[in-house]
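What follows draws every value from the coordinates through simple rules; no lab data is involved. The structure presented is a predicted model; accordingly, all values stated were derived computationally and were not measured. No Cβ is skipped: glycine too gets one built from the backbone with ideal geometry, and neighbour counts run over all protein chains shown.
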Amino acid sequence: HADIAMYRGKQTGRNNFQFYTPAMNEQALERLRIEGDLRNALDHGEFLLHYQPKVDLASGRVIGSEALIRWQHPQLGMVSPARFIGLAEETGLILPIGAWVLRAACTQCRQWQLGGYADISVSVNLSVGQFLQKDLVSSIADVLEDTGLPPESLELELTESLMMTDVEHAIGILAGLKKLGVRLSIDDFGTGYSSLAYLKRFPIDVLKIDRSFVRDITIDADDAAITASIISLARHLKLRVIAEGVETDEQLDYLRHYGCDEIQGYLFSPPVPADKFEQILRQDRVMT
Ligand code: C2E
Ligand code: MG
Ligand code: MG
Ligand code: MG
């Protein structure tokens, strides 16, 4: 104990006191409260999914959506994933929550397909904890079988860091997922640590250009160059490429000019509840 105390003393310095302000207290309390409430949110049916359309630039049509979780908290109102996904990961709650997301998204997508939109697909974000779950492949197979969703209609969005924690292990999991027939996408592409050499070894189908590059493509030459390069890279590797966070016509023009396949962003639509997404589907040819 003396050692630990000394070590701490050295680290913090003797005049380095910790002050707890009321604001910090409030933050800590909110965190505790959210963590407690998160444990019951699934049982209380407080989660829902919003769907953000993905538009194919060649046809101008909505070809799928990304399912994004929302938490309808009884007192706090709509809580965004930024405020609870991290906590869900730390506490392991991401496993049951992620399983719920997957099943709900596949069920919904299949319903749209049976309702006349046979080619519509859905993307689901996977957390690292889910990715490393022993029975990931079989649990996804079960969901596909139960819901009747064709495997090729499901896309899993994975991050670079998730795949880079243990590359050889990741390649094995990815191969298992590919064998199921689902599509694999690298989300937030360009912000992680993956080396280009691994792109060759990861059996992925889609690169999703991170919003941070897209945001400034019309004002920042570096972001413009990075975006154009990712599109070119994807085309040469025969991968599809989608840009997230497209908000302006200028960004759209740039992406179209460089041959981006799909876009997703507020310019076309924010993430919306399922009934609103259905209205968008009914509009058919939506973007020219
Ligand atoms: P992400 O997967 O990169 O999702 C894209 C985020 O960008 C979404 O935020 C979406 O609402 C937002 N977005 C879309 N278009 C625009 C745009 O034009 N401008 C701007 N400024 N933002 C745009 P959201 O829904 O708050 O989700 C944030 C992150 O939370 C997601 O990032 C994803 O990493 C995570 N997440 C959301 N749902 C799930 C889930 O079901 N499971 C897991 N594991 N993570 C999730
Ligand atoms: Mg995503
Ligand atoms: Mg993303
Ligand atoms: Mg992103």
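Which numbered condition in (1) part of a helix (DSSP H, G or I); (2) within 18 Å of Ser123 (Cβ to Cβ); (3) out of contact with any strand residue (DSSP E or B) (no Cβ under 8 Å at 6 or more places or on another chain) is the only one that Gly245 fails?
All conditions are met except number (1).
Can you tell me which residue within the range 202-237, out of those that are part of a helix (DSSP H, G or I) and exposed (fewer than 15 other Cβ atoms within 10 Å of the Cβ), is farthest from ligand 4 (Cβ to nearest atom)? Can you show your working first?
So the first thing to find is which residues in the range 202-237 are part of a helix (DSSP H, G or I), and the list is 211-215, 221-236.
Checking the rest, the ones that are also exposed (fewer than 15 other Cβ atoms within 10 Å of the Cβ) come to 212, 221-222, 225, 229, 232, 236.
Details: Ser212: 7, Ala221: 21, Asp222: 18, Ala225: 19, Ser229: 18, Ser232: 20, His236: 23 Å.
Residue satisfying both the conditions and the ranking: His236.
If you take the residues in the range 107-126 that are within 19 Å of Asp205 (Cα to Cα) and buried (at least 18 other Cβ atoms within 10 Å of the Cβ), which one is farthest from ligand 2 (Cβ to nearest atom)? Don't jump to the end; show me each part of the working.
Taking the range 107-126 and keeping what is within 19 Å of Asp205 (Cα to Cα), we get 119-126.
Filter once more, keeping what is buried (at least 18 other Cβ atoms within 10 Å of the Cβ): 120-126.
On the way: Ile120: 17, Ser121: 14, Val122: 12, Ser123: 7, Val124: 9, Asn125: 4, Leu126: 9 Å.
Residue satisfying both the conditions and the ranking: Ile120.
Scanning the range 159-187 for residues that are in contact (Cβ under 8 Å) with a residue 40 or more places away in the chain and part of a strand (DSSP E or B), which turns out nearest to ligand 4 (Cβ to nearest atom)?
It comes out as Asp187.
Can you tell which of Leu267, Leu237, Leu255 is within 14 Å of ligand 1 (Cβ to nearest atom) and without any contact (Cβ under 8 Å) to a residue 40 or more places away in the chain?
Leu267
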